[in-house]
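Below you'll find the structure, written out as structure tokens, and then a few comments.
Computed from the coordinates by the stated procedures, all read-outs in this text should not be read as laboratory data. Treat the numbers as computed from the prediction; the structure is a model and nothing was measured. Here Cβ is always computed from backbone atoms with ideal geometry, including for glycine, and neighbour counts include all displayed protein chains.
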Amino acid sequence: MGRLAAQRMADAGAKVAAVDINEAGLTETAEGRKGIYTWRLDVTDNQAVLGTVKEVEDRLGPIDRVYNAAAIMPTGLLMEQDTETILRIMEIDYNGVVHVAKAVLPGMLERGRGDLINFASIAGWGPTLHFGAYNAAKFAVVAFSEVLHHENRDKGVRIIAVCPPPVATPLLEQATSKPKVLEAGKPIPPGQVLDAIERDLAKGKPFCFPNGQTKLAQVMRRLFPGLVWWGVHRIEGQ
């Protein structure tokens, strides 16, 4: 989704800073597009994030929009998943979001404009078997983003947390424990998520639920958590 967002923005005439730890992926993202400039960055390194944001603004000018999308998604039952992996998911999926947000928001708030798009997940609302570590990180992104949105109302900066269902991206390949819940529905295309972001940013919403499935899942989790867990156990056979 980050790659497609970068390419769409570049095709629309924007100067885009594509940032990733994967240099080969960055090369593929920027290929054939003069408007995409690349930086290698580990978002778990706060000082490196601060330094990169400064470099980007020195070279390309003030940052107007951020797609805060870095994430990993190794799956497994919590007592079978090693502690290092569980903590690594939190470091990238949550700490990385915090590092980037804290680095870019001061400038946006000072200028009174900008878009901060934090990528959470419907997994940040509804926990399920095999996704415990990922759930924990995305729950944290949901809470952080919601409070950040309300703390900075009416300051000209739009802050939104995106909560998609499974999306047809390589991230799904990291679900190595083969959770059956991923077989329950067809992943949606990345472009559908990006289109929904534009829609909900324009409405000033704190959350973006890209389709009816995610909207229903969020309501069901809030109102009928026991029923949701019954369904999870039935699907997974556990």
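Mind listing the phi-derived Karplus ³J(HN,Hα) values for the range 167-181, rounded to whole Hz, using 6.51, -1.76 and 1.60 with θ = phi - 60°, and x for any glycine or proline?
With the stated coefficients, the range 167-181 comes to 10, 6, 9, x, 4, 5, 5, 7, 7, 6, 7, 6, x, 5, 4 Hz.
Expressed in nm to one decimal, what extension gain is obtained for the pair His150 and Lys15 from 0.36 nm per residue of sequence separation less their Cα-Cα distance?
Additional length available on full extension: 45.7 nm.
Determine the sum of side-chain charges near Phe144: Lys and Arg each +1, Asp and Glu each -1, restricted to other residues whose C-beta is under 13 angstrom from that of Phe144.
-1
Please say if the range 26-78 is rounded, prolate or oblate, where rounded means a/c under 1.5 for a ≥ b ≥ c the square roots of the C-alpha gyration tensor eigenvalues, and otherwise the choice is prolate for a/b larger than b/c and oblate otherwise?
oblate
Calculate the translational D of the chain in whole µm² s⁻¹ from Stokes-Einstein, where the hydrodynamic radius comes from the Kirkwood formula applied to all Cα pairs, the temperature is 10 °C and the viscosity 1.306 mPa s.
For the chosen part, D equals 86 µm²/s.
What number of lysine-lysine pairs in the chain show an alpha-carbon separation below 20 angstrom, given a sequence spacing of 8 or more or placement on distinct chains?
For the chain, the number of qualifying lysine pairs is 15.
For the chain, with a Gaussian network of springs between Cα atoms less than 10 Å apart, report the residue from Ala18, Ala184, Ala161 with the top mean-square fluctuation.
Result for the chain, Cα springs under 10 Å: Ala184 fluctuates most.
Order by neighbour count: Arg40, Arg158, fewest other Cβ atoms within 10 Å first, most last.
Arg40, Arg158
Can you give me the relative contact order of the range 25-95 as a percent, contacts being Cα pairs under 8 Å and 6 or more apart?
Here the relative contact order equals 26 percent.
With charges set only on the Cβ (+1 for Lys and Arg, -1 for Asp and Glu), what does the dipole of the range 27-125 come to about its Cα centre, in debye to the nearest 20?
Once rounded to the nearest 20, the dipole reads 500 debye.
Figure the gain on full extension for Leu78 and Glu183 (residue separation times 0.36 nm, minus the Cα-Cα span) and round it to one decimal in nm.
Extra length available between Leu78 and Glu183 comes to 35.8 nm.
Starting from the eigenvalues of the Cα gyration tensor, five times each then square-rooted, give me the equivalent ellipsoid semi-axes of the range 125-236, largest first, whole Å.
Equivalent-ellipsoid dimensions as semi-axes: 26, 16, 13 Å.
Toward the positive end of the charge dipole of the chain, about the Cα centre and with charges on Cβ (Lys, Arg +1; Asp, Glu -1), which of Ile235, Ile197, Leu77 goes farthest?
So the residue we want is Ile197.
With N residues in the range 1-91, what two-decimal value do you get for its Cα radius of gyration over 2.2 N^0.38 Å?
This ratio for the range 1-91 stands at 1.25.
Add +1 for every Lys or Arg and -1 for every Asp or Glu among the other residues with Cβ under 15 Å from the Cβ of Gly35, and state the total.
In short, +4.
Between Arg65 and residues 5 or more places away or on another chain, which pairs have amide H atoms under 5 Å apart, with H built 1.01 Å from N, and which residues are they?
For Arg65, whose amide H was placed from the backbone, the distant partners under 5 Å are Asp115.
Among Ala136, Leu182, Thr214, flag the residue with its Cα farthest along the positive direction of the charge dipole of the range 64-236, charges on Cβ as +1 for Lys/Arg and -1 for Asp/Glu.
The residue sitting most towards the positive pole is Thr214.
Calculate the length of the line joining the C-alpha centroid of the range 119-168 to that of the range 182-238, in whole Å.
Distance between centres, Cα-based: 12 Å.
To the nearest 20 debye, what charge dipole does the chain have about its Cα centre, counting +1 at the Cβ of each Lys and Arg and -1 at the Cβ of each Asp and Glu?
860 debye
With point charges of +1 on the Cβ of Lys and Arg and -1 on the Cβ of Asp and Glu, referenced to the Cα centre of the chain, which listed residue (Thr38, Met90, Cys163) lies farthest in the positive direction of the dipole?
Cys163
Which whole DSSP H helices in the chain pass both tests: a Cα extent of 27 Å or more along the axis and a mean Kyte-Doolittle value no lower than -1.0?
Once both thresholds are applied, what remains is 132-151.
Pulled fully out, how much extra length does the chain show between Lys205 and Asp45, if you take 0.36 nm times their separation in residues and subtract their Cα-Cα distance?
The Lys205-Asp45 span can extend by a further 54.6 nm.
Using Cα pairs under 8 angstrom and six or more residues apart, how large is the relative contact order of the range 64-236, in percent?
25 percent
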